[in-house]
Amino acid sequence: MPETTPRPSLTERRKAATQQEIALAAAMLFAEHGPEATTAEDIARAAGLSLRTFYRYFRTKEDAVAPLLSAGVRYWIDELAATPAELPLTEALEQSARRALAPGPGRPAQALDWIRGLLRVMADAPDLLAVWHRVHHASELALTPVIAPRTDADPLETRLAAAAANTAMRVALETWAASDAPATEAAGLAARCLRELTAGLKV
């Protein structure tokens with residue numbers, strides 16, 4: 001009988017939902033007012049929480065956006081894991097990226113607008129930029145064991161493939177966010193970056 005991932009407990013689901021609410025409030029306030037003009041108290045108030053509750057979930061105001069940034073990464077990795085094993089890795093990466101960045105149930109097009117707003121203010125907010133890079137480092141580590149069964153490459157080449165794929169997605173999102181292109185173009189740009197960055201890899 002195949003193993004199944006245990007369903008999160010009710011407490012865990014409530015905690016995750018609260019974290020997402022705080023993350024959305026933080027993203028909107030940062031994008032609208034800038035990180036410097038936004039306080040943890042502002043975020044807590046917008047999320048309908050006390051400041052004390054906010055600090056139970058996050059150490060700093062910048063950390064509050066991590067769940068929003070991580071959610072898209074997790075969805076992409078889950079999509080990649082669900083892609084047919086016989087599909088070449090480069091194609092699997094491209095297909096899963098397109099699905100992850102396309103609007104769908106639980107993935108409103110507005111979510112990318114929030115990401116765009118965040119990325120646009122990060123250049124002048126080192127602490128916020130550090131959260132973005134921390135999320136992508138975790139993404140690279142999570143990608144590696146998902147990619148490994150799909151290739152005969154050695155561990156170093158597999159890690160390089162994960163790093164290239166992760167970087168491709170990051171660069172695609174940053175490039176898209178800096179433009180005025182509609183959300184529908186983010187997926188195409190990600191697919192292009194993935195093709196170009198993984199073309200020379202031995203996977």
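The values are calculated or read from the model by the stated rules, or taken from the named source; none is laboratory data. What you see is a predicted model; the values in this text were computed from it and never measured. Note: ideal-geometry Cβ built from the backbone for every residue, glycine included; neighbour counts use all protein chains shown. Side chains included, ligands, DNA and RNA excluded: accessible areas come from the protein's heavy atoms. Shrake-Rupley method; radii C 1.70, N 1.55, O 1.52, S 1.80 Å.
Quick look at the numbers
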{"quantity": "Unique residue being within 20 Å of Ala142 (Cβ to Cβ) and surrounded by 20 or more Cβ atoms within 10 Å (Cβ to Cβ) when the list is Thr167, Thr158", "calculated": "Thr158"}
{"quantity": "Residue identified as surrounded by fewer than 16 Cβ atoms within 10 Å (Cβ to Cβ), at pLDDT below 90 and of a type outside the set (S, T, N, Q) among Asp152, Asp180", "calculated": "Asp152"}
{"quantity": "Counted residues, region 37-63 - those being closer than 22 Å to Leu112 by Cα and open to solvent by 50 Å² or more (accessible area, probe 1.4 Å)", "calculated": "1"}
{"quantity": "Exclusive hit being assigned to a helix (DSSP H, G or I) and more than 23 Å from the chain's Cα centre (by Cα), set Asp63, Asp42", "calculated": "Asp42"}
{"quantity": "Matching option when the condition is surrounded by 13 or more Cβ atoms within 10 Å (Cβ to Cβ) and either farther than 21 Å from Thr184 by Cα or free of Cβ contacts under 8 Å to residues at least 12 places away in the same chain (or both), among Leu119, Leu129", "calculated": "Leu129"}
{"quantity": "From Thr144, Thr151, Thr90, Thr158, residue being within 24 Å of Gly200 (Cβ to Cβ), of a type in the set (S, T, N, Q) and touching an Asp or Glu at 6+ places or on another chain (Cβ under 8 Å)", "calculated": "Thr151"}
{"quantity": "So Ala142, is it in contact with a Leu (Cβ under 6 Å, 6 or more places away or on another chain), in contact (Cβ under 8 Å) with a residue 60 or more places away in the chain and not basic (Lys, Arg)", "calculated": "no"}
